[in-house]
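Step one of this worksheet: look at the structure below.
The values are calculated or read from the model by the stated rules, or taken from the named source; none is laboratory data. A quick note: this is a predicted structure, and the numbers were derived from the prediction, not measured. Quick reminder, even Gly has a Cβ in these numbers, built from the backbone with ideal geometry, and neighbours come from all protein chains shown.
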Amino acid sequence: MHKVGIIGWRGMVGSVLMERMQEEGDFNKIKSYLFSGGLKGEKAPDYTNCHETILNSDNLEELMDMDILISCQGGDYTKKIHPQLRAQNWQGIWIDAASALRMDEKAIIVLDPVNKNQIEQGLNRGVKDFVGGNCTVSLMLMGLGGLFKEGLVEWMTSMTYQAASGAGARNMIELLEQMQFFSQKYSSQLTANAATTALEYEKLMTGSFNDSQFPKEQFGHPLALSLLPWIDVKMENGQSKEEWKAQNEANKILGTNKTIPIDGTCVRVAALRCHSQAFTIKLKKSVDIKTIESLIAEANPWVELVPNERDITCQKLTPAYTTGTMKIPVGRVRKMTLGDDYLNAFSIGDQLLWGAAEPLRRTLQMVL
Ligand code: NAP
């Protein structure tokens, strides 16, 4: 049995990964070792074939004893540990959730429903570093993979509506604390007239934004009852890094010879763990909508094409419907008034599953 070390298993992405590995019986196929900074030396949780003690995630010797390492620990850890392992000629496979190595030419960004061939060919020629893609990029390619495969996309924009969980567990909790802060105010007795009451509430709630007790240490700003149209650091060209990733990572995953331009505005919204995206897609040629729908729906088993009708859209093309599932609903598929070769679409995905943990889990299976 291969020895597989898992680092970052108790973090948010790591917990989802462990849950999925259990659901799929993956622990039966490996001898697993859990590594941690905070819990080293303690008794490991009871997973099948799991080494009984938690190992030290900074101990190079113990890490190098593994055939495969999966890290959900974060970019700083990767930047610190990965070069040291390779410098000491560790020949194992490194599978990572962090972005640190994504654009490294020796690494493959993994999303096997889209680039299985690239991963298989990489494994055959001895590639050893495999990195999960940015959550919105992976979710976009899961939803629209059929159009890219058919070579139909000339360029596109992706306007994202990203959940709090993408910023980490503490941010997710802070969003809930902000909501709780509002709910305390909501219990106030106000006038009976609906319009007046609504406006009074609005004043009470938005007045809270400037309350010194309002919890905003993580986001720095209110997210509940608001939104934040900036994610990650600024790039020289004025994009945020999250926006920069769309074109760069998507083209790397697709293995394009000629770059497909992709750009948009990435926005944090008060959803918990599902990212949504609105797309304007410039097609290379006009294609009838039925063909487009089939290409989208048949790209992989997880896409759920939602008819462009109001009721079903509000039911199924939502974070509420998608959260905690592997589904990738895609809807609002229609030609735009801009021209017959302009397509509108909207998609959702659980950013902790297909957006983070699942591509890593599936890469482990391919490696095994
Ligand atoms: P996280 O929840 O902050 O966990 C990271 C580490 O924090 C844990 O592995 C653990 O390491 C340590 N930790 C300390 N106290 C803890 C506690 N009370 N409970 C749990 N863990 C604790 O990190 P994450 O959000 O999963 O992100 C990990 C990596 O995945 C990052 O590189 C991130 O960019 C990437 N990623 C994240 C998302 C996302 O949605 N968050 C999506 C895609 C990719 P020790 O056991 O070693 O102490």
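Output the number of residues of the range 302-316 satisfying the condition of being free of Cβ contacts under 8 Å to residues at least 40 places away in the same chain and closer than 20 Å to Ser138 by Cβ. Outline the logic, then answer.
Filtering the range 302-316 down to residues free of Cβ contacts under 8 Å to residues at least 40 places away in the same chain leaves 304-316.
Imposing the further condition that a residue be closer than 20 Å to Ser138 by Cβ reduces the set to 304-306.
Final tally of qualifying residues: 3.
Hey, could you check the range 95-116 for residues that are of a type outside the set (Val, Ile, Thr) and in a strand (DSSP E or B) and say which is farthest from Trp9 (Cα to Cα)? Step by step, filter the range 95-116, then rank; the result is Ala107. Counted as qualifying within the range 197-313 are the strands (runs of 3 or more DSSP E) with 1 or more residues that are among the hydroxyl-bearing types (Ser, Thr, Tyr) and modelled with pLDDT of 95 or more, namely 274-283.
Mind checking which residues of the range 95-107 are away from the ligand (no atom under 16 Å from the Cβ) and either under 14 Å from Glu249 (Cβ atoms) or among the hydroxyl-bearing types (Ser, Thr, Tyr) (or both)? Spell out the reasoning first.
Filtering the range 95-107 down to residues away from the ligand (no atom under 16 Å from the Cβ) leaves 105-106.
Across the range 95-107, the qualifying residue is only Glu105.
Selection of the range 76-117 for residues being touching a strand residue (DSSP E or B) at 6+ places or on another chain (Cβ under 6 Å) and either closer than 18 Å to Gln247 by Cα or of a type in the set (A, V, I, L, M, F, W, C) (or both) yields Ile93, Trp94, Ile95, Ala97, Leu101, Arg102, Ala107, Ile108, Ile109, Val110. Of the residues making up the range 319-337, just one is over 16 Å from the mean Cα position of the chain (by Cα) and in a loop (DSSP other than H, G, I, E, B), namely Thr337. Can you name the residue in the range 19-40 that is surrounded by fewer than 16 Cβ atoms within 10 Å (Cβ to Cβ) and within 12 Å of the ligand (Cβ to nearest atom) and is also farthest from Gly74 (Cα to Cα) among such residues? For the range 19-40, the residue satisfying everything is Gly38. Here is the figure for the range 75-94: residues that are within 14 Å of the ligand (Cβ to nearest atom) and buried (at least 19 other Cβ atoms within 10 Å of the Cβ) total 5. In the range 293-300, is there at least one residue being away from the ligand (no atom under 16 Å from the Cβ), closer than 30 Å to Gly122 by Cβ and acidic (Asp, Glu)? Among the residues of the range 293-300, at least one is away from the ligand (no atom under 16 Å from the Cβ), closer than 30 Å to Gly122 by Cβ and acidic (Asp, Glu), which makes the answer yes.
Taking the range 338-368 as the range and being outside any loop (DSSP other than H, G, I, E, B), away from the ligand (no atom under 16 Å from the Cβ) and not charged (D, E, K, R) as the test, the residues that pass are Gly339, Tyr342, Leu343, Asn344, Ala345, Phe346, Ser347, Gln365, Met366, Val367. Of everything listed in (1) more than 30 Å from Glu242 (Cβ to Cβ); (2) within 14 Å of the ligand (Cβ to nearest atom); (3) free of Cβ contacts under 8 Å to residues at least 24 places away in the same chain; (4) charged (D, E, K, R), the single unmet condition for Glu62 is (3). Look through the range 242-297, keep the residues that are surrounded by 15 or more Cβ atoms within 10 Å (Cβ to Cβ) and among the basic types (Lys, Arg), and return whichever of them is nearest to Phe219 (Cα to Cα). The qualifying residue nearest to Phe219 (Cα to Cα) is Arg268.
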